Amino acid sequence: MTTDGSTPILAVTDEARAKVLGFREQAPTPERQAMWIEITGISGGEWSYNMSLRPVEEAGPDDHVERHGDLTVVVPAHGAEKLRGATVEWSGDLFAGGLKLTGLSSPSPAIGGRTPADLSGDVAQRVFQVLEHQVNPAISAHGGRADLVAVEEGAAYLRLSGGCQGCGMATVTLGQGIEVAIKDNVPEIHQVIDVTDHAAGTNPYFESAKK
């Protein structure tokens, strides 16, 4: 485990640290408890994560163990680079209050805007063809459209627009329709990720590609 004085993986605000220390005092053995922060996957085009109190002794040899004042924080090795630069904050919002991470990087460098997406490869082009000739003609009846944003490590990142943007059935459309069509035709794709901002946007329309 990493316990040296190297640059911490993440930051913890004073308010968040105080809240966690308060939770820790309710544990049977508070002096042994550390705040664990783990990346659990991808949801809505962003990293999903879990924060919990667990004994610091459970940290493995490659996990990062940091001291933030009186609080010990453990970052498992597999998520260290994904969490680097993030900040643990406390939100007092009535509906979404609690601990949260801010400043997380995007799961896809292309989506985060740091590197232009290269869609010229064979896999990306085949995904594009599925969208253009199967998916978009079908969802255009509801004013919707799906665009390919990036293809990385077996994952296709899509942005929905028009009638699919903000629609309560968008998840069903993606999981039971779009994802199935892409996986059936492009077996190299193992995951389809929606990176749509469903809270905002215009209403674009679908126009078939000219042959």
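Coordinate-derived values only; no laboratory data. Small disclaimer: the values here were computed from a predicted structure and weren't measured. Here the Cβ positions follow ideal geometry from the backbone for every residue, glycine too, while neighbour counts run over all protein chains shown.
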Quiz prompt | Cα centroid separation, segment 50-87 to segment 120-143 (Å) | solution = 41
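Quick check: residue separation of Ala77 and Glu132 times 0.36 nm, minus the Cα distance between them. What number comes out in nm?
Contour length minus the Cα-Cα distance gives 15.8 nm.
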Practice problem: Would you kindly derive the ³J(HN,Hα) couplings of segment 65-80 from the backbone phi angles with the Karplus curve 6.51 cos²θ - 1.76 cosθ + 1.60 (θ = phi - 60°), listing them in order in whole Hz, with x for Gly and Pro? | Solution: 10, 10, 10, 10, x, 7, 9, 9, 10, 10, 10, x, 4, 5, x, 4
Quiz item: Among rounded, prolate and oblate, which fits segment 11-105 when a ≥ b ≥ c are the square roots of the eigenvalues of its C-alpha gyration tensor, a/c under 1.5 means rounded, and a/b larger than b/c means prolate?
Solution: oblate
Exercise. May I ask you to sort Ile39, Ile178 by Cβ crowding, counting other Cβ atoms within 10 Å and putting the fewest first?
Key: Ile39, Ile178
Practice problem: Mind listing the long-range amide H neighbours of Thr72? Cut-off is under 5 Å, sequence gap 5 or more, other chains count too, H placed in the peptide plane at 1.01 Å from N. | Solution: Met35
Self-check item: Ranked Tyr49, Tyr157, criterion: other C-beta atoms within 10 Å, fewest first
Solution: Tyr49, Tyr157
Quiz item: In what order do Thr196, Thr7, Thr13 fall by count of nearby beta-carbon atoms within 10 Å, going from fewest to most?
Solution: Thr7, Thr13, Thr196
Self-check item: Stretchable slack from Arg54 to Ala18, in nm (0.36 nm times residue separation minus alpha-carbon distance)
Solution: 11.3 nm
